[in-house]
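Asks: Sharing a structure, written as C-alpha cells. Questions coming.
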Amino acid sequence: MNKNTRKIPVRFGYLINTALFAALLLGGTKVIGSGAVSMYHTKVILLCGINIILALSLNLATGFLGQLPLGHAGFMALGAYSSAIFMRNVTILPPEALFPFGILIGGLMAAFIGFLIGIPALRLKGDYLAIITLGFGEIIRVVLLNIDDVLGFKLTYGAASLKNIPKTTNFFNTFLCVAITCFVIYTYIKSRHGRATLAVRDNEIAAEACGISTTYYKTLGFTVSAFFAGVAGALYAGYLGVLSPSSFGFMKSIEILVTVVLGGMGSMAGSVISATVLTALPEVLRAFSEYRMIAYSLLLVIVMIFKPTGLMGNYDFSLSTLIGRFNGNASKKFEKEGGKHE
Amino acid sequence: MSNLVPVPSRGMVPERDVKDRPVLETIHLGIDFGGLVAVDEFNLVIGKTEIAGLIGPNGAGKTTVFNLLTKVYQPSRGTILLGDKDTSGMNTSQVCRAGMARTFQNIRLFRDMTVAENVMVGLHHSIAYHTPTAILRLPAYWRGERNAREKAMDMLSIFNMQDLGGVKAGALPYGAQRRLEIVRALATNPSILLLDEPAAGMNPTETAELMENIVKIRDTYQIAILLIEHDMKLVMGICEGIAVLNYGKIIAKGTPDEIKSNTAVIEAYLGKKEGQENA
C-alpha cells in the first residue's frame, strides 16, 4: 500500500464516476452519430454492451450468490420475446419512446418467472438450482419453438421466428442500461443486503446462525439476476429485429457462464472486460474462423490452469480510482469499490 | 459466585435471577438419527444472566444439543422455550432473531470478508434501511452503514480487536478467529449465547483472558451464556451451573463443586474403580 495516499471522499467518488460515465456516453453517441465508426463496428460495440449486461447479471447469481444457474439464456429469451411482442403490438407512441417500457417489461417478465423458479429451487441446498434452471432454459426454447399463437393471438410465430421488431437499440440506450446494471448490482452488493448475500455464499450455516434468511436472499439475488438478463434480452430484440428460439439454446447459457468464469466470479470489472473481449475476439478472428473455437477453448484452458479464479479474481476497480492513480493519490479503500465501467 | 436455587420449572438458576423467567428452558428434548437415540430427555433451565456449562466425554452429544437448540437439526421430540417463546416450527435464522446466538466448534467465519464486515453481518437486523434505499444511496443508507461500522468497532474492542477491522477474517490467527466468532454472535443482540468449545486451540494465557472476557460479556450485556468446553479449569472457574452429558442423557446437574464430587461423572470420565466392575 502506498503510504502517501489520500482518500477520495466516497460520495465525491460517485460524482466523478457519474460525470465520467456521462461524458463517455454522450461522447460515444456523438462519435457514432458522426459516422466515424462503421456500421459493422457499431453493431459489435452494441453486442458487447448486451453481453456485458448478461455477464454482470449472471455474475450476481454465480459470483456473489454462489449459485449455478444454467438457463440464463432462458431468462434472456423471456425478456426478448415479451419486449418484442410489446414493441410490435403497441403503437400509441413512436417506438423510440416506447422502448424504455419495452425494456422494463422484458426485465419484469424475466424477474417474475425467475422468482417463481427460484422459490422452490433455492429452498433446497446443493446443486438443484443448476438442474432446474437447465431444464427451464430448454423448456422455454422448446415452447417458443413450437407455439405460434397464444390464446388465438398470433404472438411468437414459433420456429418461423418473430420478425419486424422495431430496431430501437442504439449506443445510448444500451450503455445507459449497462451503467444502470453496474450501478444497481454494485450498490446492492455494497449494502447490508449485499453483505448478507455474500455471507450466504461463504457459509450458509453461519449466515443462518447470524439470523439471515438464506432462502430470502437467494431468491432476491436470483430474481434481480433474472431481471437484468431480461433487460439484456429486450436490448437484443431491438438490436437484431428478428428473434428465433434457436438463438437462446443451452450453448448461449454456457457462453454467458464461460464469460463470467473467465472474468472472475465476483468481479464486476472482470465480467465487463471478459464480455468485451469474448464478444470482440470472434469478430477479430473472423479470418481464421475455422480455428476460432480452438483459440477460444485454449484461452479458457490456459486461464483455468494459471489463474483458476478468473482473470480478475474478485478484484474490482472504478473509474475514479484510475483517475486517482494517475494523480498519485489512489486510495486502498477505493480499489475495492466497483463503480461504473466501460 | 452466586448460589444456585430452584425455580418453579424444576431447574436451578443463580440466586439473582429467581424473579425473572429463565431465558432458556428445554423439556424432554430429544433427537433420533435413524434408530440411534442421540439425545434423550434433555431437561435444562438457564437463568437470565447465568453462565452454564455443558460437559461430557467425546461423542456424548453436546454439539448435537447445540444444533437442536439452534434448529440446525429439528428435534424429534420435546419443547424448547426461549424466554416465553416456543421455538417449535422456527428455523435457524428465526431462532437467532428470537435471541439465541452461537459459535461453532469448527470455526465458521465469512473468510473472504473483513473482520468488521463479519461483525456487520451479525448486526444485519439492527441496521434499518431497505433495499431501494441502499440501491439509490439515500442518506439513510450512509447513516445506517456508518452507525453499523462504529458499533462493530465498538464490539470488537471487547477483545481488543478494533485495530483489525480491515483485515480479512481468514487471515487472522486461530485464537483471534474464535474471538471474532464470539463478537459476531454477540452482534445479533442475543439473550443467550451458546459457545461451542471457545477455548479449543488456545494457550493457557489466552484461555485465562477468555475466561475474564466471558464474565465481562455477561456483565456488560446482561445475557446468559451456555458453553461446551473440555478445559475443566475454564468450566469450573466461571460456570455457575454445570450439566454433564453422557450417551445423550444428562447424568448430573449442579454447581461446580457438586459436579467435581459426583461419582457418576467421575465414572463417565475415568471409568469405574477397580473392584467395582461387578459390584
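Asks: Please determine, by comparing only the residues of the range B:128-141 that are in a helix (DSSP H, G or I) and at the interface with chain A (Cβ under 8 Å from one of its Cβ atoms), which one is farthest from A:Tyr14 (Cα to Cα).
Replies: B:Thr131
Asks: Something else: Which pairs turn up if I take residues in the range A:286-308 that are over 22 Å from A:Ser267 (Cβ atoms) and look for partners that are surrounded by 11 or more Cβ atoms within 10 Å (Cβ to Cβ) with beta carbon separation below 6 Å, at least 6 apart in sequence or on another chain?
Replies: A:Arg292/A:Pro282; A:Arg292/A:Leu285
Asks: Let me ask you something else. Here are some residues: B:Asn189, B:Asn246, B:Asn203, B:Asn213. Which one is polar (S, T, N, Q) and modelled with pLDDT under 90?
Replies: Exactly one of B:Asn189, B:Asn246, B:Asn203, B:Asn213 is polar (S, T, N, Q) and modelled with pLDDT under 90, namely B:Asn203.
Asks: Given the options B:Gly30, B:Gly89, B:Gly78, B:Gly53, name the one that is within 29 Å of B:Leu270 (Cα to Cα), more than 14 Å from the chain's Cα centre (by Cα) and not aliphatic (A, V, I, L, M).
Replies: Values: B:Gly89 fails: within 29 Å of B:Leu270 (Cα to Cα); B:Gly78 fails: within 29 Å of B:Leu270 (Cα to Cα); B:Gly53 fails: more than 14 Å from the chain's Cα centre (by Cα).
On inspection, the qualifying residue turns out to be B:Gly30.
Asks: If you don't mind, another one. I'd like to check which helices (runs of 4 or more DSSP H) are fully inside the range A:144-223 and have at least 3 residues that are over 15 Å from B:Phe110 (Cβ atoms) and within 14 Å of chain B (Cβ to nearest Cβ).
Replies: On the way: elements: A:171-189, A:192-202, A:204-209.
The qualifying helices (runs of 4 or more DSSP H) are A:171-189.
The values are calculated or read from the model by the stated rules, or taken from the named source; none is laboratory data. Note that the structure is predicted; figures quoted are calculated from it, not measured. Glycine also receives a Cβ, built like all others from the backbone with ideal geometry; neighbour counts cover every protein chain displayed.
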